[in-house]
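*Asks:* I have a structure I would like to understand better, so I am pasting it below and will then ask my questions one at a time.
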Amino acid sequence: MELRKRLPHKRMTTIKIKPLSVNACWQGKRFKTQAYKNYELEALAKIPRIKLPEPPYELRMIIGVSSSLFDIDNALKPWIDILQKRLGFNDRYIYELHVKKEIVKKGDEFIKFNILHLDV
């Protein structure tokens, strides 16, 4: 709820347009690269089993990257897909997402996350 205090909805710019799903952005089937397959296996092995609260969810993430050129949104879809695969939930129940990027030394990269129940 702290984000709502900092960014009240009445101060947000509203654009009347239907959001486009990432799935609607490309034609045909997309295939996982070997790098993504390796990343997925490593992440699945490192994510601990967590007892999730009841949905809907608020997902909080801090992404530690070594380059300020890294686009924060590039990490979201793969990580959320891996989280739902490991923890057995459907990401359609994520109603709120808070993401922060931190710049760290090369070799110190990380992803921190927490999945909370969201009162809607």
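Bear in mind that the values in this text are calculations on the coordinates, not laboratory data. Please read these numbers as outputs of a predicted model, since none were measured by experiment. Every residue, glycine as well, gets a Cβ built from its backbone with ideal geometry; the counts of neighbours run over all protein chains shown.
*Asks:* Given the options G88, G107, G64, which has the most mean-square fluctuation in a GNM of the chain, springs set between C-alpha atoms less than 10 angstrom apart?
*Replies:* Result: G107 has the largest fluctuation of those listed.
*Asks:* So, one more: Multiplying the sequence separation of T13 and D119 by 0.36 nm and subtracting their Cα-Cα distance, what value in nm do you get?
*Replies:* Details: separation 106, 0.36 × 106 = 38.16 nm, distance 2.41 nm.
35.8 nm is the gain from fully extending T13 to D119.
*Asks:* As an exercise, use a Förster radius of 41 Å and the Cβ-Cβ distance of K100 and Q27 to find the FRET efficiency, rounded to the nearest 0.05.
*Replies:* Values: r = 34 Å, r/R0 = 0.82.
That pair, K100 with Q27, gives E of 0.75.
*Asks:* Right, another one. Treat each spin label as a single point 7 Å out from the Cα along the C-beta direction, and report the Y93 to F110 distance in nm.
*Replies:* About 2.7 nm, to one decimal.
*Asks:* Under the rule of at least 5 residues apart or a separate chain, name every residue whose amide H is placed under 5 Å from the amide H of I94.
*Replies:* Hits under the 5 Å cutoff: Y57.
*Asks:* Looking only at Cα atoms, what is the convex hull volume of the range 54-120 per residue, in Å³?
*Replies:* Numbers: hull volume 5.5 nm³, N = 67.
Spread over its residues, the Cα hull of the range 54-120 gives 82 Å³ apiece.
*Asks:* Next question, about the same structure. Here is the link list: K16/K51; K46/K100; K18/K46. Which ones come out longer than 32 Å on Cα distance? Could you put the intermediate results ahead of the total?
*Replies:* On the way: K16/K51 38 Å; K46/K100 21 Å; K18/K46 36 Å.
Listed pairs above 32 Å: K16/K51; K18/K46.
*Asks:* Scan (1) 42, 37, 20; (2) 44, 35, 33; (3) 41, 32, 24 for the value of Cα extents along the principal axes in Å calculated from this model and give just the label.
*Replies:* Structure-derived value, by its label: (2).
*Asks:* Taking the chain as a Gaussian network, where each spring joins two C-alpha atoms under 10 Å apart, which residue of A43, A35, A24 fluctuates the most?
*Replies:* A24
*Asks:* Another question about this same structure. Considering only F31, F70, F110, give the residue with the highest GNM mean-square fluctuation for the chain, with springs between Cα atoms whenever their separation is below 10 Å.
*Replies:* F31
*Asks:* Measuring from centroid to centroid over Cα atoms, what is the spacing of the range 31-67 and the range 69-116 in Å?
*Replies:* 6 Å
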